[in-house]
């Protein structure tokens, strides 16, 4: 099995045995960097690299504690270790890094740095300093505690399946069953399990809302949305661009998805679609179960990575060999999936909740794309540039989903491959509408001075019906009111969601281009990954051969071409 070697970078400043969880060992490093005499542009660049290494060591410690906590949400000791880092180390290091940012901005040698090389670095440091407030440090630690409560709560949810209590991820598999009564029964079990905790979840969110509003005020903002845009370093687009996206999705995507869903309804022989009718394959009597074990999932997805590029296969093999995968669902494991980069060794860890479906293959393609992105720029010495804009991180992952999609015949029978390709297109277009719903919801609630559970529910229902007008909610209206509770980003990473819409437009462009010139498209994609975060967001898109736009001028042709491909699959 071909692998790649990824030796950890040699330390240049932070001693090898430094305990990144012990402030007494970290403080002298911060103090030396703060007090160091920087007498030339070369000395300034050396100083930047030393600061970067210290930042990397801290990021790696936080990553490992987060991974441990999400892999074992029932372990109080792991949870406390993560929160202890947030309270004791992260809080102090944020203040210390702010001082170092100010040291950089005061340096007379900044103007001598290579302009193109430090363009992004310069504007990010200016923005970060402008919004920093020492008063926010204890509030942010408290915010982490409350969002961690949400993770633990969601990780504890189980439902009954064949006489056994199983995590929700395994329950979701039932939603692919051809037997509609089985689908409905499981959908109601999952919805009821969440609904039982609705008051606790609302209380958690209200506490988070108050904390976040105060954080924004402390940094000089009228509302949390505007603060969050700056905190996320959204320096290449603004609120008005998001509003263009919301409107374009409503005008272009919603009618197309309605046509697709109408075809689904007809194939299933239904008068109206219900929520439990959306995962079943309308073209097959039985759901596909392509694997049973983690090894089988890896072997299957490995073939797809190889088909895109042997280099991706070799990199994935290395992650598997190094034990950097935790892919299967189990009790007391946080929901969802992620890739987390271990900065000290410059290696990615992939977390998922597989349960034996093709969606799990798509998830591994997605997180694999993130991992390959991390590996593509692992040799970048400046830590900030190993942290690309989230919008392009998701191009890396969603792009890999679509690149892998073109090779499904390598692992499935041709008829199944076509059906799965068709389903992925449907889910992608529905996702654009879901992104618009979730993002508009956050714009609406986080720009208010205060809100109540009743107000949040009313806003959600209105938006849900606006972007998904074709569902029959009769008898389950109460579930619709709190449906947003399942969207973890709103609780853990508010406003991290428009990225999926922006990136999906990029991934669809990549897929369309691949049909006519696959080698060039993949070459551009890889070139953009290698840039990391060293260039502005529009340039990353341009390097990948993609347009960075938000309105109908892009969304309409991309969605129309995607719908054409879906129609071809329907006729084949």
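Here are the numbers for this structure:
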| item | result |
| --- | --- |
| Index of the failed condition, residue 108 passing every other in (1) at pLDDT 95 or above; (2) part of a helix (DSSP H, G or I); (3) surrounded by fewer than 17 Cβ atoms within 10 Å (Cβ to Cβ) | (2) |
| The one condition in (1) without any contact (Cβ under 8 Å) to a residue 60 or more places away in the chain; (2) touching a helix residue (DSSP H, G or I) at 6+ places or on another chain (Cβ under 9 Å); (3) more than 21 Å from residue 507 (Cβ to Cβ) that residue 350 fails to fulfil | (3) |
| Among the residues listed as 539, 549, the single one being in a helix (DSSP H, G or I) and either surrounded by fewer than 22 Cβ atoms within 10 Å (Cβ to Cβ) or without any contact (Cβ under 8 Å) to a residue 40 or more places away in the chain (or both) | 539 |
| Flag for residue 433 being in a helix (DSSP H, G or I), modelled with pLDDT of 95 or more and buried (at least 16 other Cβ atoms within 10 Å of the Cβ) | yes |
| Odd one out for residue 522 among (1) touching a helix residue (DSSP H, G or I) at 6+ places or on another chain (Cβ under 6 Å); (2) farther than 30 Å from residue 456 by Cα; (3) touching a residue at least 60 places away in the same chain (Cβ under 8 Å); (4) assigned to a helix (DSSP H, G or I) | (1) |
| Filtered residue count, segment 161-190, keeping only those that are more than 21 Å from residue 352 (Cα to Cα) and surrounded by fewer than 20 Cβ atoms within 10 Å (Cβ to Cβ) | 13 |
| Single condition residue 74 does not satisfy, out of (1) touching a residue at least 40 places away in the same chain (Cβ under 8 Å); (2) within 23 Å of the chain's Cα centre (by Cα) | (2) |
| Residues of segment 539-557 satisfying the condition of being under 22 Å from the mean Cα position of the chain (by Cα) and within 28 Å of residue 257 (Cβ to Cβ) | 541, 544, 546, 547, 548, 549, 550, 555 |
| Neighbours by Cβ (under 9 Å, 6+ apart or cross-chain): first from segment 89-103, in contact (Cβ under 8 Å) with a residue 60 or more places away in the chain; second exposed (fewer than 15 other Cβ atoms within 10 Å of the Cβ) and part of a helix (DSSP H, G or I) | 92/27; 96/27; 96/31; 96/34; 99/34; 100/34; 103/34 |
| Sole exception among (1) modelled with pLDDT of 95 or more; (2) within 24 Å of residue 401 (Cβ to Cβ); (3) over 22 Å from the mean Cα position of the chain (by Cα); (4) crowded, with 17+ Cβ neighbours inside 10 Å for residue 281, by number | (1) |
| Unique residue being more than 25 Å from the chain's Cα centre (by Cα), part of a helix (DSSP H, G or I), farther than 21 Å from residue 491 by Cβ and at pLDDT 95 or above when the list is 243, 258 | 258 |
| The one condition in (1) without any contact (Cβ under 8 Å) to a residue 40 or more places away in the chain; (2) surrounded by fewer than 21 Cβ atoms within 10 Å (Cβ to Cβ); (3) within 30 Å of residue 519 (Cβ to Cβ) that residue 270 fails to fulfil | (3) |
| Any hit, segment 24-32, residues being part of a loop (DSSP other than H, G, I, E, B) and surrounded by fewer than 17 Cβ atoms within 10 Å (Cβ to Cβ) | no |
| Evaluation of residue 503 against (1) part of a helix (DSSP H, G or I); (2) within 26 Å of residue 123 (Cα to Cα); (3) at pLDDT below 95 (one fails), failing number | (3) |
| Conditions (1) surrounded by 12 or more Cβ atoms within 10 Å (Cβ to Cβ); (2) within 18 Å of residue 89 (Cα to Cα); number of the one not met by residue 4 | (2) |
| Residue within segment 158-167 that is modelled with pLDDT under 95 and in a helix (DSSP H, G or I) present | no |
| Filter pass, residue 511 being under 21 Å from the mean Cα position of the chain (by Cα) and either over 30 Å from residue 154 (Cβ atoms) or crowded, with 17+ Cβ neighbours inside 10 Å (or both) | yes |
| Total residues in segment 401-410, condition more than 21 Å from residue 560 (Cβ to Cβ) and surrounded by fewer than 21 Cβ atoms within 10 Å (Cβ to Cβ) | 3 |
| Among the residues listed as 569, 531, the single one being surrounded by fewer than 21 Cβ atoms within 10 Å (Cβ to Cβ), at negative phi, in contact with a helix residue (DSSP H, G or I) (Cβ under 7 Å, 6 or more places away or on another chain) and modelled with pLDDT under 95 | 569 |
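One line per residue, one yes/no per condition, for (1) at pLDDT 95 or above; (2) under 23 Å from the mean Cα position of the chain (by Cα); (3) outside any helix (DSSP H, G or I):
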residue	(1), (2), (3)
87	no, no, no
120	yes, yes, no
128	yes, yes, no
143	yes, yes, no
152	no, yes, no
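The values are calculated or read from the model by the stated rules, or taken from the named source; none is laboratory data. These numbers come from a predicted model, not from an experiment. So basically every Cβ, Gly included, is an ideal-geometry build from the backbone, and we count neighbours across all protein chains shown.
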